1. Output the peptides 143-151, 245-253 sorted from most to least packed, where packing is the average of other Cβ atoms within 10 Å over each peptide's residues.
2. Report the extension gain between residue 107 and residue 202 in nm, rounded to one decimal, defined as 0.36 nm multiplied by the number of residues separating them, less their alpha carbon distance.
3. Return the whole-Å distance between the Cα centroid of the range 114-136 and the Cα centroid of the range 231-279.
4. Evaluate the distance, in nm, between pseudo-label points positioned 7 Å from the Cα of residue 175 and of residue 94 along their respective Cα→Cβ axes.
5. Taking the simple approach of a point 7 Å from Cα along Cα-to-Cβ for both residue 265 and residue 301, what is their distance in nm?
6. Computed FRET efficiency, Cβ-Cβ of residue 248 and residue 138, R0 41 Å: what is it to the nearest 0.05?
Amino acid sequence: MIDPIKILQRAWHILWNYRTLWVLGLILALAAGSSLNGSGNNGMQFQEDNQSYEGPSFGSVQEAIDYFRGELNKLFTEGIPEANITGEALSAFLWTVGVFVLFMLLISIALAVASYVSACAVIRMVDEYENTGTKMTVREGFRIGWSRAAWRLFLINLIVNLPAILFFVALLIGAASFFVSATNGNANLSPASLVGIFSLIFLGGFIVLIWSIFFGLLRPFFWRVAVLENAGVRESLQQGFGLVRENWKSAGLMWLVMIGLGIAWVVVSIIAFIITLPILVVTVIVAAFVSAIPVLLLFGIFSLFLTGPLPWIAAGLFVLPLFFTIAFSPWLLIGSWKEVYTSIVWTLTYREIKTLPAVVPQAEVVPVGD
């Protein structure tokens, strides 16, 4: 059996004495927290001579679709005169939003690539540190992380998450099919059909949840076999599963410890949130000053084809990721410590389990007759 306390203490020592890992942890924290979140609120109210506005009533889904299609055409033709926004500017703003979405998508892809390279680098750097005591630089870390092993980490992750992805895609296709059927007036579901559909969705979601939990627990071992043993994807899955099966007590004990650490991390996060609030005020002010220059530059560019408040909105949209990254950098640093510490713990756990004596089945002793 492994000693979890020894592993946690050793991981803590490595975390605070191997500062190069923090840089790679920042990338892991950025990738873990990056998402394309969109929220908007127009906040406009239309009034006609103190008369309350009543929404139109629709006799069918097709009437509703035709109505909203006409309203959209009217909006992009006439614009919003009350806000000094023309229809052409509104169309240009829509294209600008599309460019922003593409921009964020490219950043997300770059972060995803960097995260797998960083994850591979952290595993190899910790293993090398334990073997020889050598501390690598950031450049050396990226050099050993940029390898086929990083690509294999992505493929293993894809296999683990594939059922959830397929389940989500199936739900989207089903919802789209139902919408098309409802639009054409062909949707006629009985209560029994609805019960059957929701039962299948619940069953599928339950199976996906079990799959995700089970293989999510095995993933740290899959990754370390791929990186430290330089094994292929299939071989990593087989060896990782075999390693856990032969040492399920040690692996299970470490899973329970990590679950406990996850609960403790929630408490620590709340305390850290309160403690770092004064620092956060400073970083928000710094982020505002740093973001002011690119906002003004983008405002000048967007003013060439946008009117009203749209240039300011578009400029703020593009600079918002930079602002959030600087403003919440204290929490990002704390998140990087968590990512690196978790990786170190699993790497040390893998190394400890590998040194355990293999369980060899005892041969049956057959008494020899006289």
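1. Numbers: 143-151: 17.7, 245-253: 15.1.
Listed from highest to lowest mean packing, they are 143-151, 245-253.
2. On the way: separation 95, 0.36 × 95 = 34.20 nm, distance 3.45 nm.
Roughly 30.8 nm would be gained on extension.
3. Here the two parts' Cα centres lie 18 Å apart.
4. Going by the 7 Å Cα→Cβ label model, 2.1 nm.
5. Distance between the two pseudo-spin positions: 3.7 nm.
6. Values: r = 37 Å, r/R0 = 0.91.
Here the calculated transfer efficiency is 0.65.
Each reported figure results from applying straightforward, stated rules to the coordinates on display, with no laboratory input. All values derive from a computational prediction rather than experimental measurement. Positions of Cβ are backbone-derived with ideal geometry, glycine not excepted, and every protein chain shown enters the neighbour counts.
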